[in-house]
Structures are given as C-alpha cells and as structure tokens.
1. If I model a spin label as a point 7 Å beyond the Cα along the Cα-Cβ vector, how far apart are those points for GLN510 and GLU293 in nm?
2. Given +1 on the Cβ of Lys and Arg, -1 on the Cβ of Asp and Glu, and no further charges, what dipole in debye does the range 405-539 carry about its Cα centre, rounded to the nearest 20?
3. So how do MET403, MET478, MET330 line up by other beta-carbon neighbours within 10 Å, fewest first?
4. Farthest toward the dipole's positive end in the range 8-159, which of TYR75, MET39, SER145, given Cβ charges of +1 (Lys, Arg) and -1 (Asp, Glu) about the Cα centre?
5. Can you pick out the pairs among LYS297/LYS333; LYS108/LYS150; LYS402/LYS458; LYS21/LYS308; LYS297/LYS402; LYS7/LYS86 whose Cα atoms lie more than 19 Å from each other?
6. Would you order LEU544, LEU283 from fewest to most other beta-carbon atoms within 10 Å of each residue's own beta-carbon?
7. Which aspartates and glutamates does LYS425 reach when only Cα atoms under 15 Å apart count, and residues fewer than 8 places away in its own chain are ignored?
8. List the lysines whose alpha-carbon lies under 16 Å from that of LYS338, not counting same-chain residues fewer than 8 positions away?
Amino acid sequence: MNEPRLKYVVAVRALCEFTAKHGDLDLRFTPSPSAQEGMAGHALVAARRGGEYQAEVSLEGEYKTLKVRGRADGYDPESNQLEEVKTFRGDLHAMPENRRQLHWAQLKIYGWLLCAEKGLEEINLTLVYFDIASLQETPLTERFSATLLKQYFEAQCERFLAWSSQELAHRAARDAALNALNFPHATFRPGQRAGQGGVQNDANGQVPHGAGPHGHRQDHRHGFPAAQSSAQAATRQAVFSGGQNPGPQARAGRTGPHQERRCLGLEKSPENKQASPLPLRVLELVARDKACEHPDKACHGDACPLAKGFYDRLPQARSAAVGYAAAQGMLDKAALRKVALTHQVCPYYLSQELATWSDVVVGDYNYYFDTSALLYNLTSGNQWRVSVLVDEAHNMIERARKMYSAMLDQAQLQQLHASAPKAVKGALERLNKSFSELHQVQLEPYKVYADLPVNFLKALQQAITSITDFLLANPTRMDSALQDFYFEALHFSRMADAFGGHSLFDVTLQHDPSAEHPSEQGALQVGQGGALLNIRNVVPAPFLAPALRQRSRWPCFLPR
C-alpha cells in the first residue's frame, strides 16, 4: 500500500511572488500605507458592500504535492464577484507594471480556488485599488472562465513544483539530522538538563520559559533542544534574535551566525571538535545601509545596475545561495555578497528573499519584534510557526523602548527649512511656528506633559502630507536630509497615534550659545535655540505582545 505523499503548504502570495515576479526592482519613493492604514482601508471597502458580501474568504486547494491556501479579501455571491483590495497612496499610474501583474496573479489564483470550491463555471474578478488619502476606489474587473483559471493555477504550481520538491527533501533531511543530533558536550552542567526540558515544553506549545542563572552554557542549553523540537513539531523556522551592534563580544565571535551554529552543534568549538555539517540553512540578516553596494544610487532599474532586471536574475541567485548553504551551512554577510554579485543582484534584497527559505535566521531584535519588520510579517502573512530565541535578553527592554520611542528636533527642522524645496517650505514654516508656540511659555529646561499637543500634531501631519506629495511628484530626487526628517516625522506621528499609559511626552528646551546672556539673577536664559520633543516608551509590553501572540512558539530568553 502506497503511503500518502507529503504535501508542501504554500500561501497564495508566496506562490505568486515566486512565480509571477519579473523585471526591475523598483523602489522609487512611493510611501506605502502603514499596516493600520491598510487594515482600515480594507475594512472601509468591505463596509461599503451589500449585506451578502463575504469578507476575508479562506480558500485552499491542492495540485500534486502542493497545498495552496490564502484569504481573498471579499466575495459578492449576488454578482459572483471576487475582489482583491490593494491600498496605495499617490498616483496609481506610477505603480510599476510588474507590481500590477503580481496583484492580478494573486487574484486569479484565488479565483480558481473559489471556482473549485463552489463548482463555478466562471467568475468576475475585480482588483480594487483603494487610495487611502482620497478614500476613492479604482476597480478593474475582468470575467474569467473556470477553465482558464484552472490552467493558470496549474501553470503557476508547475513552476513551483521543482523548488517545492527540493524543499520537501531538504526539510526531511534536516529533521532527520536534528532528531539524531547529540548534545554538543560530553556532560551536562548543573541545571542544564532541566533547562532543556523547559525549552522542549515551550516548543511543544506548553508554558513560556525563562533561562536560568548566567554561566550555564545558555546557548547550548536552549539552542540544542529548540533545534530538536523544531524538527519534531513541524516548526517552520528558528529565529535567533539579539543586539547586533559590534562590540567586544562580536569581535570575539560570541555573537552572530557562527555563535548560533555552535550552540546547535554545527560548528567546532573547544568542546565540540568533531562537529559535522548538518543540512541546516543559516542566514545572517544585515541592515540595508551595511549591505548596499551603491549607496549613491536610488533603488530602481534606471539608477542601480543591481536593480535592473533583479527579478529576472533572482531565480538563479536564489538557487545558488541555497546550494551554497547546502555545502557550507551558513550565509553570512560575506558569503551572501559573493553570491549576489556573481549573479548581479542586490545583496540586501537577496537576503530578504532568502529569509523565506532559511531554517535559522540570525538578526537584530527589531527584525521580529518590530511589527512592521521582515520576520514578523513573514510569520504573520504565511501563518508560520517559528521558535524564537532571544539572546542578551537583558538588553531587550531598553531596545524595545527605543524602538517605540520618537523624537523631533526643532534645530534639525530649522536647518532643513534653509535648504528645503520651495514646495514644502510653507509647511515647514508652519510646523516650526507651532513648535515654538508649544514651548514658549515653558520655563523649566525639561518638563513632562500629561497630554500630547493637538495643534502641533495637526501641523506635523500637514508637513508630512506636503513632503509626501513632493516626494511622490519627484520620485527620483535624492534629498537625504528631507527624507531623514520625513521618516522621523512619520515615526513620531505613529507613536503619537499609539500614545497611552505606557509612554511619556516631554519637552526639553535648548539654548543657543550665541544668544546666551545673563538674566537679572545672573542665570542663563534657556529656550533660545528651540526644543526637543520626545515620546518616550517606558513599558514596551503592549508593542511586543503582537509578536508573542503570533503563531510562533513562546520565545526562550537567554540572559547574560
């Protein structure tokens, strides 16, 4: 009797991004809606529909060894119309054609899955572009037969099958090797064996686990059982999260991908001299500014040679990187750069692609615990189950506080105004005036306020809108000062929207040395040079909670 063949589960979006992307990498300035704006836009579109409209339709289907699943945005049974909603900001005509084709690919896959589920012979497919600024919809509708949609679905699946077969074989070999993995030391230190049992309980979905005292070989105590439990419990990926700032530990090789491989018994160590390579892909994520080969060029095909035809060369680069990982086990910054430049693709965006196909990802805290970042969104969007190990956990609270704090500097605003394009000068002048009005009656050098300044936030939003419009109209303009201030203003605005009992708002006055003069009491006057506004996060738990509520397993925290 033949055993059932193992199915490879892939999300609709992931399938289409693998098979339907082509052409240039094009990151001309197009400020994307935030996650909150996107969700609000989808909700508004659904609210405009009739009573029979079905929002968030879960769909799945199979083809050979593939199981394809996802959620379509909405279906109206009365008009037999399936919708996919894409929120955007700016000029819809400026959207790259390859991105539109990707959207249609997703919608056509959903269309076939719905036809197969309901036995439909044809269906209306509508791509709804929703402008979050004007709240206007631009619907693009085409009618398809189920036969054509089935052919399209099967063609995309066929393009993915060779890769999925390779991935299934890799995962089988990986899990077998991890199940047979021996503890990388001859003996256990006191408390290590009990600690490993706690981690295995975590990985099996039981209780959250904290690490024990310092000096218990924390990495081996947690990494080793986490690796084995990942194999036993069908965990998609292990994430090693920690501070990646260079320091004495980094220079000594105690942090980064080499350290994480040692803690799994994958590399030689003083006590583990016979370690042999395992079929485990380890990827080191590096910040964009450290990975960029052409920092003086914009990220699009007309400016950067590594962006030109990026998606056309990506399949070969991806295969080469996976092959390198199979032979060497680890893709650190140097290895990834070598592979990327051999195939003339951007190293940073190649690493973003490989995060999907790696077994262990090593990166800074923010890659997972910032809910707008790569690993969080991959886990959420693909409904993965991952094991998260947090190294140097005593740094986690302070790093999270910084992640969800924001500052605006009036001196920076005034310097920007001097060189800003004419189109945004007016908005910057009004913001500077509001800045001054905010602190002109403050006598103390530093003061905490109970509430956020409503008028200032209105002026800030107007400045953001003005800069957004300008950058949209000039997508190839390189103005680092303007963009730096713009992103800081956006972050401040978002932290203001999330302001609550977990944060403080304060104003620090700055004096201008050139304007200093003694008062009648002989003290210096303060406030002559403007102010610093801060939203300081004190309790980061509300921001970290979404990452802990993911389909991830409870993280292990490894203090030092």
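1. 3.9
2. Using Cβ point charges on Lys, Arg, Asp and Glu, the range 405-539 gives about 400 debye.
3. Ranking MET403, MET478, MET330 by Cβ neighbours within 10 Å, fewest first, gives MET478, MET403, MET330.
4. Result: MET39.
5. LYS297/LYS333; LYS402/LYS458; LYS297/LYS402; LYS7/LYS86
6. Numbers: LEU544 20, LEU283 25.
Ordered by Cβ neighbours within 10 Å, fewest first: LEU544, LEU283.
7. ASP469, ASP479
8. LYS290
Values in this text are rule-based calculations from the coordinates and carry no lab data. Bear in mind the structure is a predicted one, so any value in this text is a computation, not a measurement. With ideal geometry, Cβ positions are generated from the backbone for all residues, glycine too; neighbour counts draw on all protein chains shown.
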